[in-house]
Amino acid sequence: MSRIAVAGGMKEGGFTVFDVTPHKVAICHLIQLFAPPSQQTVPFPFESISQHNRIGLFIFSLTKACNDFVEPSLVDLINQLKAVGDSVNVWLCDHLMSSLLELSSPDDLFNFFEKLRGVVSTPDGGHMEDDLIFLDPNSHLGLFLRCCILSFNLLTFEGVCHLLTSISTYCNSGDPSYELQEDLDESEFHELLEGAEPYDGIDVFQKCRHGVRDASNGESSKSHIRLPRLVCHPHPRNDIQVPSDSWFEGTDGVAQCNEFGSSVMNNLRGDDHQGFLRTRWQVEGYLNMQADLLEKDSGSFPLNSFGAVLKQLHKLSPDLHRVEYLQYLNSLFHNDYLAALENLHSYFDYSAGNEGVFNRSSASPSDIYVGRYQTALLCLGTMHCYFGHSKKALEALTEAVRFSQLSNDDACLAYTLAAICNMLSDVGISSTAGILGSQDSLETSMSLGAPLSTQQQLLVLLNRSMKRADSLKLISLMAFNRLALSKFELKHVRRSLLYFGPKSSTTLRTCPVTVCKELRLCSHVLSEFEYDGLSQPNDDGAFSTSWIKNLAASCSPSFENIRKLKSSSVNDFDLFHFDAQPNPIPGSVLQLAGSSYLLRAASWELYGSAPLVRLNALVYATCFANGASSADLSLAYVKLIQHLAIFKGFKEAFVALKLVEKKFSPVPNSRIRLLKLQLLHERALHRGQLKIAQQMCHEIGVLASSTSGVDMDLKTEKNLRHGRTLLAANQYSKAAAVANSLFCLCYKFNMQVENASVLLLLAEIHKKSGNTVLALQYVLASVSFCQAFNLDLLEASATLTLVELWLSLGSNHAKRGLSLLHKVLPMILGHGGLQLRARANITLAKCLLSDPTFLISKDPDMVLDPLNQAAEELQILEYHEMAAEAFYLIAMIYNHLGQLEAREEAASSFRKHITALENPQVEEDPFPYDV
């Protein structure tokens, strides 16, 4: 005996008693054809088991799809059915149309649903055979069929008559007011209607001699379905206010969030059409999908237009409170603080937080009766953190911790602790005294005699959150905590929390092994997410929705052309294996796993391994782009473009930048804009265009928030570049003042990694101003910071500065400088960019030329080779000042060797770079500075 049970079970809130609509009647008819009662072979008209299973998968996806809150029209259903691709679908479409048109009276409907009972009835156990095919009543399709039968049995006679009217409108949906898809023109659709004269709904009521209430009141006489009202009856035109710009373009030019736009405009265009809402579970799935898209790319959702659609949906189903939460997200991602605060309060006022924030179940826990105030506080705290209100965020999150403990809400407590940790690591907070209410409890519980610093509190909270997530089996939260712990280990040195008693010997250095271990464990969330204590065990409809969307995409002319090309190959692609299939891994899990690769790229960038930075950024952009947010995806592109700028020059980087800008247009992206400003500033410094470089510094400063502690990376970047600009302008005192101020700022917010770069900038300022002895102190301090945080490439750059300082003290220190240079040359030549390698080669030549024991005449190539290599690389970067220095040394060497022709050539190149530096050219620039 073979039992048809399409994979996929029922989840909580999956099927409730829902209204029978024409679309569900059509699906019931397809199920009846798919699984006729008591068939011993593959039922007619299917020719093979694979063909039969393919239709079953299609029907299963129809019942679970949540790509819209309005059910598709008959035209859409026939298009999707034809897209499955087999010849049998022509017969199915014809049979479906004729069967729906045969439903002309209430008796026909009763007979139809009576026949459906035989589909889900289990055959007699005594007559079962091994090859008998029947529909399992407890399967997904069986439960769907039983719910439809139950809903029809609960209808009053007026409700049955109204269903007939709706079926008539559903079948006549091919009139000129509907825009048919290209693969099904209007004449072809009317061929299906040929020979069957449409009936009028009023004739049905006259036949039955029963009056029905006006359809505009929105309910049948039996009001057994009120949460929510699932049928949206005809509305006047002025009531359906779907804006014309509901078609929102995605980042790559493909519409991502307009699934509902065309269906709403088609189904609700006039008074004589009806639009039917899906079940509550499907509408919630649709809202969850919109929330994911909104997080991925909020710029493709116009604030007012998308808000108008949400208001319309809220009007159709007032009891669906998730619409208010989506309105809050829409306001949040569009930086509308007042609207976000109002929508968040409105959501929790009406839902009391019982619809579930951590899961997607609409059922409230049985042990909670008065709402979840701690959940509201958690959302409020994250909202304040998003807008940069660190003090308000800490107050709300601390209050959430207290209420979570009082309510024994361990899951909310674990997430709240993780939110606090994330805030303490991302937002600069010099002290939490008087803000973090749990500070005393932290010190008491750990028996500490002295107050904890902000970083020590962060470490304690991270460990607590990790333990709670582990005990509750919250796999996703554990992965998030591992990411946070990796960030902590990357930028903070662990110190002993005990100020008394015996202490174990510790090395005040970060541990890259620990960082790599935590990041590797974080990626395990891909294989362990199904064991998450808050995850739902069954599909939420996203997989089926993506499958249906792939069907729609396969009907496009571009797909037809590709399919023709594939048909000539030996192994032709099957329709359901074409292109990327839907990923069963939840999007949030993919984002966590992808974030581990982004953090790996960031860590290797600090440690100084450029190939590994490029590798991890490429892995993220290739494997996690579909589930990534626009901010994370742009960060991966930024890493790749920065790699091009460092190793290939600005021309290659700007070409790639233009492609990325086109991908993210017309939505502005702050990361891409920041990268463009950085590249423009760097190139302006190389060319000697100091006014333009200063302008770029101001532009970077505009991107940062004025709130203290927020956007500290942008503020640090701006001040570092401002100091370098002043240094290039030989304004040493102003540059030193900016660098000293930045050092104090970084010290205040414990940004020790950034302090290493600031100290190196101070050393460069004093070196260029001629104060070599003072510069030595700063460069040695920078080297100490680099060693403590394993900043290998930055340490090599600082060592290079140290060698230059030794050379400036006299030729007696040339051998000492050469010895130091040989230690860092492997790191520089293996991982350094064009500028750092050129600088190292010039310094190497200077050391050899300053050594009294070195004779140029014996081995001139020993100094000419590194100088020629440096000059070539500096010309790629258009770094006129350093290139002029390289050509000057080359000319001096050739002069010493008596090679006058080579000397004149090098002198000519030297003169060209000096002229370009003193008089920047104003010819048309292929990469303009306008931003």
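Can you name the residue in segment 670-689 that is open to solvent by 30 Å² or more (accessible area, probe 1.4 Å) and in contact with a Ser or Thr (Cβ under 9 Å, 6 or more places away or on another chain) and is also modelled with the highest pLDDT among such residues?
R671
Can you tell me which of (1) farther than 17 Å from D851 by Cβ; (2) among the hydroxyl-bearing types (S, T, Y); (3) in the same structural domain as F854 (by the TED database) is the one S797 doesn't meet?
All conditions are met except number (3).
Kindly indicate which of L720, L818 is at pLDDT 95 or above and either part of a helix (DSSP H, G or I) or within 29 Å of L690 (Cβ to Cβ) (or both).
L720
Name the single residue that is nearest to F664 (Cα to Cα) among those in segment 286-304 being part of a helix (DSSP H, G or I) and open to solvent by less than 10 Å² (accessible area, probe 1.4 Å).
In this case the residue turns out to be S300.
Can you tell me which of P176, P137, P106, P123 is at pLDDT 75 or above and more than 22 Å from F58 (Cβ to Cβ)?
Just a single option satisfies the conditions, and that option is P106.
Per-residue answers, yes or no, for (1) surrounded by fewer than 17 Cβ atoms within 10 Å (Cβ to Cβ); (2) under 22 Å from F647 (Cβ atoms); (3) aliphatic (A, V, I, L, M):
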{"position": "K846", "(1), (2), (3)": "no, no, no"}
{"position": "T853", "(1), (2), (3)": "yes, no, no"}
{"position": "D859", "(1), (2), (3)": "yes, no, no"}
{"position": "L864", "(1), (2), (3)": "no, no, yes"}
{"position": "L874", "(1), (2), (3)": "no, yes, yes"}
{"position": "L889", "(1), (2), (3)": "no, no, yes"}
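Determine which single condition Y879 fails, assuming it passes every other condition in (1) among the aromatic types (F, W, Y); (2) farther than 23 Å from L818 by Cα; (3) over 46 Å from the mean Cα position of the chain (by Cα).
Evaluating Y879 over (1) among the aromatic types (F, W, Y); (2) farther than 23 Å from L818 by Cα; (3) over 46 Å from the mean Cα position of the chain (by Cα) leaves (3) as the failure.
Can you spot a residue in segment 758-778 that is more than 29 Å from T716 (Cα to Cα), open to solvent by less than 60 Å² (accessible area, probe 1.4 Å) and outside any helix (DSSP H, G or I)?
No, that holds for no residue.
Identify, from the list F69, F46, F60, the residue that is farther than 26 Å from T21 by Cα, out of contact with any Pro (no Cβ under 8 Å at 6 or more places or on another chain) and open to solvent by less than 30 Å² (accessible area, probe 1.4 Å).
Checking each option against the conditions leaves just F46.
Any idea which of A393, A400 is open to solvent by less than 10 Å² (accessible area, probe 1.4 Å) and touching a Ser or Thr at 6+ places or on another chain (Cβ under 6 Å)?
Of A393, A400, the one residue that is open to solvent by less than 10 Å² (accessible area, probe 1.4 Å) and touching a Ser or Thr at 6+ places or on another chain (Cβ under 6 Å) is A400.
Kindly indicate the residue of segment 745-780 that is over 23 Å from T510 (Cβ atoms) and without any contact (Cβ under 8 Å) to a residue 24 or more places away in the chain and also nearest to the chain's Cα centre (by Cα) among those meeting that condition.
Residue satisfying both the conditions and the ranking: Q777.
The values are calculated or read from the model by the stated rules, or taken from the named source; none is laboratory data. Worth saying up front: this structure is predicted, and the values here are computed from it rather than measured. Note that each Cβ is placed from the backbone with ideal geometry, even for glycine, and that neighbours are counted across all protein chains shown. Note: areas computed on protein heavy atoms with side chains; ligands, DNA, RNA excluded. Shrake-Rupley method; radii C 1.70, N 1.55, O 1.52, S 1.80 Å.
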